[in-house]
Amino acid sequence: MTNSDKNSRISGFYDLPLEQRHAELAQRGFLDPDDFPVLEGQGGLTIKQAQHMIENVVGLYSLPLGLALNFTVNGRDVIIPMAVEEPSVVAGASFMANLARAGGGFTAQTTPPEMIGQMQVLDVHDLNQARQNVLDQKADLLAEAAEIDPILKKLGGGPRDLEVRLIEESPIGAFLVVHLIYDVRDAMGANAVNTACERLAPQIETLTGGRVHLRILSNLADRRLAKASCTISLSELAFGDFSAEDVRDGIIAAWAFAAVDPYRAATHNKGIMNGVDAVVLATGNDWRAIEAGAHAYAARNGRYTSLSKWGSDAEGNLVGELEMPMAVGIVGGATKVHPGAQVALKIMGISSANELAEIIISAGLAQNLAALRALATEGIQRGHMGLHARQVAIAAGARDDEINRLAQQLVTEKTVRVDRAKAILEEWNEK
Ligand code: MEV
């Protein structure tokens with residue numbers, strides 16, 4: 001089955017037992033039977049592999065991996081794996097993806113995978129002259145940088161540009177910053193960019209007469225952007241006692257709050273990152289890098305604001321848009337080493353880092369919509385409570401069939417607390 005034949009709607013998936021969920025995925029061509037042991041924790045990341053990844057390893061750390069269904073991204077159906085501990089994230093994304101389907105799903109684009117490497121040049125006598133010297137030698141410097149990584153060169157990546165910034169004032173006085181713009185293709189790019197900066201530093205010192213201090217990539221990857229948009233048909237928005245217009249206008253008003261107020265924008269963007277980070281983590285990518293880039297980008301105009309925008313089109317439909325840096329890779333690092341990350345990429349049928357970025361940004365937009373829709377209508381707690389109650393039930397010691405039964409009772413009683421859950425379990429055990 002080709003990627004384009006796959007359907008991301010699997011009705012009743014939520015209610016299926018684990019084995020049947022796996023069977024559905026195999027039957028629909030998303031995964032093979034060999035992949036399931038990896039997902040179940042056998043055949044996944046081994047302690048041996050882990051010991052090669054970081055220092056002082058004493059064990060492995062697990063998180064639930066859920067699948068967000070119903071997504072269509074750029075006309076292709078995709079199931080999105082999410083590694084996350086928070087209830088409602090997977091369900092919220094799946095539900096919003098279903099609403100977006102009627103309007104064609106998500107449309108996403110990326111800029112070329114260009115990262116920025118920074119070199120901080122100190123002790124420069126004449127900053128303007130030094131800047132000019134570097135710019136005069138730009139072609140030679142780029143040609144030299146192009147030879148540093150032959151594999152990247154073969155794949156069509158490598159240096160694209162060199163910029164010199166003059167920092168007039170800082171706690172240590174003025175200095176120069178050289179930016180090396182580097183196309184890293186399907187890699188996250190930190191290694192390639194850091195290596196290139198370290199290699200170019202001696203020439204930069206000769207040209208500027210200064211001393212190159214830091215040589216490191218910037219996580220404000222504002223040349224490697226991903227953007228997603230979606231249209232939610234007005235007719236999809238009404239539910240319960242809420243009219244479609246009220247839901248649409250409520251979502252737009254919620255966004256307007258985040259657009260002007262950093263206190264709200266931080267929470268609004270956190271909701272976006274619920275979706276983004278879960279996929280970044282599932283695919284073995286560096287979620288701290290993505291977080292850093294997201295929030296720096298949200299403050300790029302000097303004031304922290306919303307990463308997304310919501311409005312309406314001429315027909316009154318709800319339209320949303322999300323743009324942020326998306327430095328993710330599909331080669332190298334944990335993505336290659338972690339068997340779970342490989343399975344995650346396989347489920348999505350990913351063939352390039354840009355394609356992964358387009359799916360992640362779509363998940364972020366869906367997640368933002370899920371949060372705003374809930375907040376603008378019945379409030380976030382209602383939806384959260386059922387799922388939260390299950391975690392409370394487990395924390396209180398409920399097992400197997402008891403978990404759902406206890407969670408339901410806690411919600412009915414409107415007392416979702418561990419002490420109450422324990423008391424109910426005791427009552428049941430006494431019977
Ligand atoms: C909770 O994890 C995320 C939300 O707070 C996001 C938001 O407020 O937009 C619900």
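Structural remarks
- For the stretch 34-102 and the stretch 258-280, distance of Cα centres in Å: 20
- Per residue, the accessible area of the stretch 248-379 comes to 34 Å² when a 1.4 Å probe rolls over the protein heavy atoms.
- Candidates I167, A139, Y182 compared by Cα position along the dipole of the stretch 129-191: farthest toward the positive end lies Y182, with charges placed on Cβ.
- Among the lysines of the chain, pairs at least eight places apart or on separate chains and with Cα atoms under 17 Å apart come to 7.
- Calculated FRET value between N301 and R405, using beta carbons and R₀ = 41 Å, to 0.05: 0.20
- Two-site FRET efficiency, E86 against E426, from Cβ-Cβ distance with R₀ of 25 Å, rounded to 0.05: 0.30
- Only Lys, Arg, Asp and Glu carry charge here, each on its Cβ (+1 for the first two, -1 for the last two); on that basis the chain has a dipole of about 80 debye about its Cα centre.
- Using Cβ point charges alone (K and R +1, D and E -1), the dipole size of the stretch 382-430 about the Cα centre works out to roughly 340 debye.
- Over the chain, relative contact order from alpha-carbon pairs under 8 Å, at least 6 apart, %: 18
- Projected-area mean, the stretch 382-430, by convex hull of Cα positions, square nanometres: 2.8
- The stretch 156-223 and the stretch 327-387: distance between their alpha carbon centers, rounded to Å: 31
- With a simple spin-label model that places each label point 7 Å from the Cα along the Cα-to-Cβ direction, the separation between Y263 and A102 comes to 3.6 nm.
- In plain terms, the C-alpha convex hull of the stretch 114-217 casts an average shadow of 5.9 nm² when viewed from every direction.
- Measuring nothing but protein heavy atoms, the accessible surface of the chain at 1.4 Å probe radius is 51 percent carbon and sulfur.
- D (Stokes-Einstein, µm²/s), Kirkwood Cα radius, the chain, 1.002 mPa s at 20 °C: 90
- Spin-label model distance (nm) - L166 vs V337, 7 Å beyond Cα toward Cβ: 4.4
- The stretch 270-343: equivalent-ellipsoid semi-axes (sqrt of 5 x gyration tensor eigenvalues, Cα, Å): 29, 16, 9
- Sorting M326, M188, M385 by accessible area puts them as M385, M188, M326; the probe is 1.4 Å, largest comes first, and only protein heavy atoms count.
- Charged-residue dipole, Cβ positions (Lys, Arg, Asp, Glu), the stretch 114-217 about Cα centre, Debye nearest 20: 220
- Between V177 and R199, the contour length at 0.36 nm per residue exceeds the Cα-Cα span by 6.3 nm.
- Cleavage-rule hits, GluC sites (Glu not before Pro), the stretch 326-381, DSSP coil, Cβ neighbours within 10 Å at most 14: E378
- The calculated 222 nm mean residue ellipticity attributable to helices in the chain amounts to -15000 deg cm²/dmol, summing -39500 (n - 2.57) over DSSP H runs of n ≥ 4 and dividing by all residues.
- Kirkwood Rh, angstrom, the stretch 1-61 [1 / mean 1/r, Cα pairs]: 13.9
The values are calculated or read from the model by the stated rules, or taken from the named source; none is laboratory data. Note that the coordinates shown come from a computational prediction; the quantities given were computed from them, not determined experimentally. Ideal geometry is used to build each Cβ from the backbone, glycine not excepted, and the neighbour counts take in all protein chains shown. Only protein heavy atoms, including side chains, enter the accessible area calculation; ligands, DNA and RNA are left aside. Shrake-Rupley method; radii C 1.70, N 1.55, O 1.52, S 1.80 Å.
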